[in-house]
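Everything below concerns the one structure shown next.
The values are calculated or read from the model by the stated rules, or taken from the named source; none is laboratory data. Predicted model, so just to flag it, every value in this text is computed and none were measured. Cβ: placed from backbone, ideal geometry, glycine included. Neighbour counts: every protein chain shown.
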Amino acid sequence: MVKLLSRSSTSTNIYASGDEYSKSIKSKKIHCWFIKRRRNEIDNYSSDSLKVNINDLADIEELKKISIHPQQTDFSSSSISHLHILNEFRMNSTEILRILSQKNIEPYLSQYCEQDTGRKLLSIAAETGWYEGVLFLLNRDVNINETDRENRTALMDCLTSINIHIMNALVKKRGCNLDIQTLSGHTAAHYAVMMNKISFFEILIKSGARLDLCNNKGENVLHQIIEYKRKECWKIVKHYSYDLNYLKYLINSKTYEHKTCLTLAFEHRPNIYFFRELLSYSDDITLINIEMYQSWSKAYKLIKKFISL
């Protein structure tokens, strides 16, 4: 800081001539301006800026994308409102990352949430497709499995975006639970099927997501693949070679309405694709009352042919 002038120097200036007094004041102004400018230059090139440690979540090119320049303004936790932080995060504001990176705020990152939904910053960043925001939070060890009031996770919320890098970052994070169920029983895999997010679904399957968990209708993930006619999702399940017994278990499991995958496939007539695909996996094929399928000639012929083999 610039030191205040002493009483003696002030009294000396009182008796100085007009020109000398003017020069003295001008000199002091220049001196103050120089010190202020010098301080700003030091701040602008300070290494004490926001640090983002990507680790295994992204390469150096990704790090370059989210580099953040130093911020000179100091914000305390009391000087910025809870609502403002949520709004800025939803708007993908880089400025808010600078604020939240301060040591007096970082410990409280998990406390910011929407009052009506209970959704926290990680879910907001995931839903809006803000990769930088997701990495910022993951690298500060926020709870990756935190849920809102419907028990939805960031892994589920990222399905509303088109940024598949977020899904990759989330599943790579140690401790990520792929199989959390909402209050209605849905998992991230259920939602990926319903929303036809094929590439997201593939990441979940490659990462080991369970397919046998049921929603509040008793539907496992395979039931929904059949119900929503997701051919690509079915191909992914077969490609990653789930154990045959496990696959048969999924196909023959019944919903709360006592429907198996084969039953659901029959309801898709005249589309024979899934019925043909699933027929060989049915445990009770020899016990099927084939007369039930006479109304659909293609299915009826397939069953008779399969039984005769």
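For this structure, a couple of remarks:
- Some residue of region 171-184 being of a type outside the set (S, T, N, Q), out of contact with any Asp or Glu (no Cβ under 6 Å at 6 or more places or on another chain) and without any contact (Cβ under 8 Å) to a residue 12 or more places away in the chain: yes
- Only listed residue being small (Gly, Ala, Ser), within 25 Å of SER101 (Cβ to Cβ), in a loop (DSSP other than H, G, I, E, B) and under 11 Å from the mean Cα position of the chain (by Cα), chosen from GLY133, GLY129: GLY129
- Number of the exception - LEU250 against (1) part of a helix (DSSP H, G or I); (2) under 17 Å from TYR191 (Cβ atoms); (3) without any contact (Cβ under 8 Å) to a residue 40 or more places away in the chain: (2)
- Extreme residue, surrounded by the most Cβ atoms within 10 Å (Cβ to Cβ), among residues of region 72-128 that are of a type in the set (Gly, Ala, Ser) and at pLDDT below 90: SER101
- Annotation note: of TYR228, TYR256, TYR273, TYR246, the sole residue that is among the aromatic types (Phe, Trp, Tyr) and under 15 Å from VAL193 (Cα atoms) is TYR228.
- Which listed residue is at pLDDT 95 or above, over 28 Å from ILE203 (Cα atoms) and of a type in the set (Phe, Trp, Tyr), from TYR228, TYR300, TYR256: TYR256
- Restricting attention to region 208-240, the residues that are in a loop (DSSP other than H, G, I, E, B) and either touching a strand residue (DSSP E or B) at 6+ places or on another chain (Cβ under 8 Å) or of a type in the set (Phe, Trp, Tyr) (or both) add up to 2.
- Here GLU277 meets the list (1) at pLDDT below 90; (2) surrounded by 13 or more Cβ atoms within 10 Å (Cβ to Cβ); (3) of a type in the set (Asp, Glu) almost entirely, failing just condition (1).
- Residue pairs whose Cβ atoms lie under 7 Å apart, separated by 6 or more positions or on different chains, with the first residue in region 145-161 and within 8 Å of GLU127 (Cα to Cα) and the second among the basic types (Lys, Arg), are LEU159/LYS197.
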